[in-house]
Amino acid sequence: MFLHLYRFLSYLAAPFLYFYLKKRAHLGKEDIHRLHERRGIPSLKRPEGKLIWLHGVSVGETLSLLSLIQHLSKTYPQAYILLTTGTVTAANIIKDKLPPHAIHQYIPLDVYPWMQRFLNYWKPDVVGITESEIWPNMISLCKKKSIPLYLINARLTEHSFQRWQRIPTLARALFSSFTSIFAQSEKNAERLRCFTDKGVHVMPNLKFAANPLTYSEEDFKILSAVIKNRPTFVAASTHEGEETIILESFKDILKSHPNVLLFLVPRHPHRSHPIIKLIDSYGFSYAQRSKEEMPNTHHSIYLIDTMGELGLMYALSPIALVCGSLVPAIGGHNPIEPAQLGCCVLWGPFMHNAEDICEIMGPYSLEVTANNLTEILTNLLSHPHEAQEKGEALKNFMSIQKNSLKDLVQLCQPYLSDSHENPRILV
């Protein structure tokens, strides 16, 4: 009943969702030239042969899939891989990173005819979706078409678990439709097993297998020469409300470290205008990356309002504050990325989107609040060797996690392979 109601409502919502997409496109949140893909209309020709469809909604999930895609390309060179994402940011970051037999499309919204059009055109032989992308129309259509469907790197937070428990019939119908589920942790697996009798296996978080963020060596040399020996730290992927907390703290940090340089990296670069207004209200001097400005000795903030340069900032700074975690609405961003590049990693109290990662990384990282952020950052800036040691220890730990995940990937193959001639491998 719930599935039929959801399908019916998606039909009714389709015209409104189309105008919603157009509005997002005008705000820069959708690719206006490829907006038709969000309605299941393809912009590329379907290649001949086997097709594996993998979906990662945003940047973190998509980057974590890259190593898997490379592994699949080597194992099954005759197969093609369709990678879908839901955000422009993710699409821009991975567009030059895909191997030759992999192609990218935006995933359609979960409107029944849009998703049906997408599946009828691409005809995937096997589907793998990441984390918590539970879309009823997509899942029911895959089941109807007998397409093997896997939930990989599965995550079900306590909050989401409580919500699904309110609609147990729908939850069982959806989670039981998966051929198999691979959860990030035993805690997640236990929650998922409440809604399905199918196999729910535990695997290390797929994000540990992601390749480190890349950056321009030339830009690194240029900025290193400009910054010289100045102490630095990066506030990565900030959201509205977090810049105020960070700048309020930074005002006090400058009293004991007047030479410190803050790399301020908003999650969405189009927010640079209100952020600049906020910086001006504090009286800080800043340089703006999008204008190709370089920070001089008079600048205390370098505003990185560009795309794809977070790796460069992590490489330049020994300390990284992972944002989206200082305010409750976001749930935190990926702390693995700065750890892979040797940063001493800090995050705020609201990391529920990465609770399993934080639990694993906890002994090597620092949790901060708006109240103690100044104290912790000041201490790390005063003892740079301590920050460096923490960063190196965390980087080594990341390497161990990545190797153990590779071993587990091999162990998972029998679960996800029907035969050598007709692969069903996803992990």
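Summary table below
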| read-out | value |
| --- | --- |
| Histogram of C-alpha separations across segment 217-400, 10 Å bin width, % | 10, 41, 39, 10, 0 |
| Point-charge dipole on Cβ atoms (K/R +1, D/E -1) for the chain, about Cα centre, debye to 20 | 1620 debye |
| Taking the C-alpha atoms of segment 9-74, convex hull volume expressed per residue in Å³ | 132 Å³ |
| q = 0.10 Å⁻¹: log10 I(q)/I(0) that the Debye formula gives for the chain, counting C-alpha atoms only | -0.74 |
| Computed FRET value (nearest 0.05) for residue 392 with residue 32, which takes r as the C-beta separation and R₀ as 60 Å | 0.85 |
| Ordering of 27-35, 112-120 by packing [mean C-beta count within 10 Å, highest first] | 112-120, 27-35 |
| Nearest-ten-degree value, helix 112-122 long axis tilted from longest Cα axis of the chain | 80 degrees |
| Degrees separating the helix 373-382 axis from the principal Cα axis of the chain, which is the longest one | 60 degrees |
| Range of Cα positions in segment 118-223 per principal axis (Å), largest first | 58, 37, 21 |
| Mean shadow area of segment 196-298 over all directions, Cα convex hull, nm² | 10.4 nm² |
| Mean separation of Cα contacts under 8 Å, 6 or more apart, over the residue count of segment 217-400: relative contact order % | 21 percent |
| For segment 2-202, size of Cβ-based charge dipole, Lys and Arg +1, Asp and Glu -1, in debye | 480 debye |
| Rounded to 10°, Cα long-axis angle of helix 272-282 versus longest principal axis of the chain | 30 degrees |
| Translational diffusion of segment 246-294, µm² s⁻¹ [Kirkwood Rh, Cα pairs; Stokes-Einstein; 25 °C; 0.890 mPa s] | 208 µm²/s |
| Once the Cα gyration tensor of segment 2-202 is diagonalised, semi-axes √(5λ) in Å | 25, 22, 16 |
| Residue-averaged [θ]222 nm for the chain, counting only DSSP H segments that reach four residues, each worth -39500 (n - 2.57) | -14000 deg cm²/dmol |
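Every number in this text was worked out from the coordinates using simple rules, so none of it is lab data. Only a predicted model underlies this, so the values are computations on that prediction, with no experimental measurement involved. FYI the Cβ positions are ideal-geometry reconstructions off the backbone, even for glycines, and counts take in every protein chain you see.
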